[in-house]
Amino acid sequence: MTSAVNLATLPDLIISKIIRVADVESFNVARLIVRQWNQLALDSLKFRARLPVINYFRWRVNHSKWHLFMQVADRYRGYFGVEKWIDNDMSDDEIVDIELAVDTRNSLMENRLRRLFNRCSRIEKLEIISYIENYEVIASAMGNTPVDELKVSNLRKFDTFSINTLVNFIRAHSDGKITMRFDNYNLWSSNRLNLTTLFTEASRLVPEIDCIVGDALPIELANLRMSWENSLSTVARAANSTYIFESTALPSGCVRLRVGLKRRD
C-alpha cells in the first residue's frame, strides 16, 4: 500500500520545482496550502521573465478620477486580482478588455496596482493620458515594470521639471517605441526649444519616437526640422549612429513625425 504525500512536509527544493513548472493560474491556490508554500510562491515572482504579460494598459487621469483599462488573457484575471473590474463588450474568449474608475487619491488602489504590475513580466503597450504632475504616482505604482511600447498624450507643460520627469520615466520603463501626441501645434511651437531637449535625450534611450502633431503648417514643420536635425546630428555623431527624421501627412489632418537614431553597422 502506498502512503499519501503530505504537501505540507515536502522539502523547499521540491516545492520550488513544483511552483516553477506550474502555471501561474495556480499561484493563489499554492499560497493557501501552508505558510511555506506561500513564501516560496511569493519568491517565484522574482523570476520576472516567467510571468504573464499585460497586453495593453491605459491609465487616464481625468480631474479626480483614474480611468484604468487593461487587456490581459482571461485565465490570468484571478492571478492579477482584477476579477471585479468591469468587462468591456469588446472582450473575446481569450483576451478580455476590463476597466475600472477610482478616486485618484486612493492609497489602497495604488498598492493594488503596484502588486498587479509586480506580477507581470512586462507591458506590451502602455498608454498614459495625463498631465505630467501625475507621473510620479504612476511611476511609483509601476516600480521597474518594463514597457515594449509607450504612448503619452495630454501633456501641457514642458519646463525643465516636466522634461526631466518624462525622460526619467522613459529611462526607467521603456526601451522600445514611444508615441507622443500633440493636438495643437501652438503648444508644440511655443515649447520647441524644450521639446528639442526632450527628444534629444529620449533618442539616446529608445530607437524610435513617433510624434503626432495637429494643425501644423508646412513652414512650421520646416523650421522644426532644421532645429531638430542640428541637435540629432550632434547626438548621432557621439553615438556612432545616423539620425532619422521623417514626416507623413495623416488623413485626420495631423502630421506624424518619426525621429530616432540608427546605429551604423
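Among residues of the stretch 137-157 being within 20 Å of GLY176 (Cβ to Cβ) and of a type in the set (Val, Ile, Thr), the one that is surrounded by the most Cβ atoms within 10 Å (Cβ to Cβ) is VAL147.
Among the residues making up the stretch 77-104, those that are in a loop (DSSP other than H, G, I, E, B), at pLDDT below 85 and surrounded by 13 or more Cβ atoms within 10 Å (Cβ to Cβ) are ASN88, SER91, THR104.
Of the helices (runs of 4 or more DSSP H) lying entirely inside the stretch 157-265, those containing at least 2 residues that are at pLDDT below 75 and not small (Gly, Ala, Ser) are 185-190, 192-203, 218-238.
Residue-by-condition table, conditions (1) part of a strand (DSSP E or B); (2) modelled with pLDDT under 90; (3) under 10 Å from the mean Cα position of the chain (by Cα); (4) among the hydrophobic types (A, V, I, L, M, F, W, C):
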{"residue": "ARG114", "(1), (2), (3), (4)": "no, no, no, no"}
{"residue": "ILE128", "(1), (2), (3), (4)": "yes, no, yes, yes"}
{"residue": "GLU136", "(1), (2), (3), (4)": "no, yes, no, no"}
{"residue": "ALA141", "(1), (2), (3), (4)": "no, no, no, yes"}
{"residue": "THR145", "(1), (2), (3), (4)": "no, no, yes, no"}
{"residue": "VAL152", "(1), (2), (3), (4)": "yes, no, yes, yes"}
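State which residue pairs qualify: first residue more than 24 Å from VAL255 (Cα to Cα) and inside the stretch 168-184, second residue surrounded by 20 or more Cβ atoms within 10 Å (Cβ to Cβ) and of a type in the set (S, T, N, Q) in any location, beta carbons under 7 Å apart, and separation of 6 or more residues or different chains. Pairs found: HIS173/THR145. When the stretch 131-165 is limited to residues that are out of contact with any strand residue (DSSP E or B) (no Cβ under 8 Å at 6 or more places or on another chain) and charged (D, E, K, R), the one that is nearest to GLU201 (Cα to Cα) turns out to be ASP159.
The values are calculated or read from the model by the stated rules, or taken from the named source; none is laboratory data. No experiment lies behind these values; they were computed from the predicted model shown. So basically every Cβ, Gly included, is an ideal-geometry build from the backbone, and we count neighbours across all protein chains shown.
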